[in-house]
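Novice: Please read through the structure below; I'll follow up with questions.
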Amino acid sequence: MASTLVLGCMWGDEGKAKIVDYLAASADFVVRFQGGSNAGHTIVYGNQKYVLHTIPSGILYPDTTCLIGAGVLVDPTLIKEEIHNLEKANIDFSKRLLIDYRAGVVLPLHKQLDMENETKLKKSKIGTTGKGIGPAYSDLTARIGIRLEDLAYPEYLSERLKQLYTYHHKKLTDEELTKQIAELQDSWKFLKKYTGDVESILNDIANIKDKSILFEGAQGTLLDLNFGTYPYVTSSRVMTDAAGIGTGFSARRIDKVLGIYKAYTTRVGEGPFPTEIFTDIADRIRTAGNEYGSTTGRPRRIGWFDGVAARYSARINALDNAVITCLDVLQGLDELKICSAYKYKGKLYRSMKLHPSQFDKIEPVYESFEGWDADICNCKNKSELPKAARDYLEAIEDFLETRICLVSVGREREQTFTIKERKR
Ligand code: IMP
Ligand code: MG
């Protein structure tokens, strides 16, 4: 069995879905292990754009089985809608999608709490996607949450819902309870054929020689609950080790970890972003890269490549290789910059060990690189890139202390090439 993990290594939207879709051509299984409908994974294939939120990005291949692990949150209404949309696009996957029965369920209450919390926080809001992710994960941690398997037991579910509302000091009338149970039973009728034991499937194939598994991360390491830019993070674990926690298939068994980085940096939502740029260059990049959130439509914040944060991410994920996406978006810029250190009160920091209250006040220290004019969208290998683009990639490798193995120069599957080794 061969297994590969694809991880977003900054604040999400690094182009993971395109890379997973590219690699899924040779995968038997594609597995999500964390996050939920807060993710927005965009794949462009054959003039058609698909935006996936909970369903793994391997779904476009007819022979790939897509698994959703126990660490993922499922919003029954939204996943049904996602399944229907794919069916409308003639993608048949009745036997190719399985959700672990332990997955957490997002309820309307969670979305309500998400919105209320954000309003309460006022200026210090997180800028969440509003999909109920924080409250649903918090409830699971507080052992008051609902799991997918609970939907099969209406009486048990009814008691759990009553406890949940009491826990949150929210009123739940008998009428509302009956309505919610009916809706969840309806969802269960639809979802039960897609529910099973993902942990068993993965561990059962672990010793089968010719099977391959691709683990698909959502969000990005700098949004990780423990190691991200807390408190401006998501509520799941977004690192290499999360693949084990979220599936029951130990991360120790994963053969290869690929970290995805965009050639520049973006962030949606609030929180520190040391290399953020506000000049017209940001607008140029936003337009060229279509940098608008796939889940919320929000314009993404744009910044230069942050070598400090990127190296931190490569290190805590123990990356085998890096993948650079959206290199084409930078074409036509005169100068490119990479942040090599943070300056705070005159002192240089090459690590992320600053307190959140200091992060907003740091000044990025940049190294400057030459840009290039040529259109690189059709480049098929590294040697076809202009020298400036090659130098830029090699500088990124030096910051990451990790070799780049794949480069994406456009949204289509074909606009991707591999790099075997670095030649100086
Ligand atoms: P939540 O995950 O909706 O609670 O949002 C917490 C933070 O993570 C916010 O800054 C969101 O914008 C960000 N976030 C959540 N999911 C994604 C994603 O898929 N891409 C980029 N940012 C995300
Ligand atoms: Mg996204």
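Novice: With a 1.4 Å probe and every protein chain left in place, work out the accessible area per residue of the stretch 105-191 in Å², rounded to a whole number.
Specialist: Ligands and nucleic acids excluded, the figure is 58 Å² per residue.
Novice: Rounded to the nearest 5, what % of the DSSP beta bridges within the chain are antiparallel ones?
Specialist: Restricted to the chain, the bridges split so that about 40 percent are antiparallel.
Novice: Net charge within 12 Å of Asp186 by Cβ-Cβ distance, Lys/Arg positive one each and Asp/Glu negative one each, not counting Asp186 itself?
Specialist: Residues close to Asp186 contribute a combined charge of +3.
Novice: For the chain, what's the relative contact order in percent, using C-alpha pairs closer than 8 Å and at least 6 residues apart?
Specialist: Worked out over the chain, it gives 20 percent.
Novice: Determine the distance separating the Cα centre of the stretch 243-314 from the Cα centre of the stretch 59-95; give it in Å without decimals.
Specialist: Cα centroid to Cα centroid, the span is 25 Å.
Novice: Note down the magnitude of the dipole of the stretch 261-418 about its Cα centre, charges +1 on Lys and Arg C-beta and -1 on Asp and Glu C-beta and zero elsewhere, to the nearest 20 debye.
Specialist: 680
Novice: If you line up the Cα atoms of the stretch 362-410 on their principal axes, what length do they span on each, largest first, in Å?
Specialist: Computed over the stretch 362-410, the largest-to-smallest principal extents equal 38, 24, 18 Å.
Novice: Taking only protein heavy atoms and a 1.4 Å probe, what accessible area per residue, in Å², does the stretch 223-304 have with all protein chains in place?
Specialist: Using a 1.4 Å probe on heavy atoms only, each residue of the stretch 223-304 averages 41 Å².
Novice: Separate question: For the stretch 261-418, what are the per-bin percents of Cα-Cα distances with bins 10 Å wide, up to the bin holding the maximum?
Specialist: Bins of 10 Å from zero give 10, 39, 38, 12, 1 percent of pairs.
Novice: So how long is each side of the stretch 252-293 along the principal axes, counting just the alpha-carbon atoms, biggest first, in Å?
Specialist: 45, 23, 18
Novice: Let me ask you something else. If packing is taken as the mean number of other Cβ atoms within 10 Å per residue, what is the order of 47-60, 305-318, highest first?
Specialist: 305-318, 47-60
Novice: Still on this structure, please answer the following. Taking each pair of distinct Cα atoms in the stretch 105-191 once, what is the resulting Kirkwood hydrodynamic radius in Å?
Specialist: About 13.6 Å for the stretch 105-191.
Novice: Out of every Cα pair in the chain, what percent are spaced more than 38 Å from each other?
Specialist: 21
Novice: Running a GNM on the chain with Cα contacts under 10 Å, which residue among Lys111, Lys162, Lys123 ends up with the highest mean-square fluctuation?
Specialist: Lys123
Novice: Still on this structure: Carbon and sulfur: what percent of the stretch 105-191's accessible surface (1.4 Å probe)?
Specialist: Looking at the stretch 105-191 in its full context, I get 53 percent from C and S.
Novice: Find the all-direction average of the projected area of the Cα convex hull for the stretch 119-254, expressing the result in square nanometres with one decimal place.
Specialist: In nm², the orientation-averaged hull projection of the stretch 119-254 is 10.6.
Novice: Longer than 20 Å from Cα to Cα, which of Lys80/Lys192; Lys380/Lys420; Lys123/Lys347; Lys18/Lys209; Lys18/Lys262 are they? Say none if no pair is.
Specialist: Lys123/Lys347; Lys18/Lys209
The values are calculated or read from the model by the stated rules, or taken from the named source; none is laboratory data. If you're wondering where the values come from, they're calculated on a predicted model, not measured in any experiment. Quick reminder, even Gly has a Cβ in these numbers, built from the backbone with ideal geometry, and neighbours come from all protein chains shown. With ligands, DNA and RNA removed, areas are computed over all heavy atoms of the protein, side chains included. Shrake-Rupley method; radii C 1.70, N 1.55, O 1.52, S 1.80 Å.
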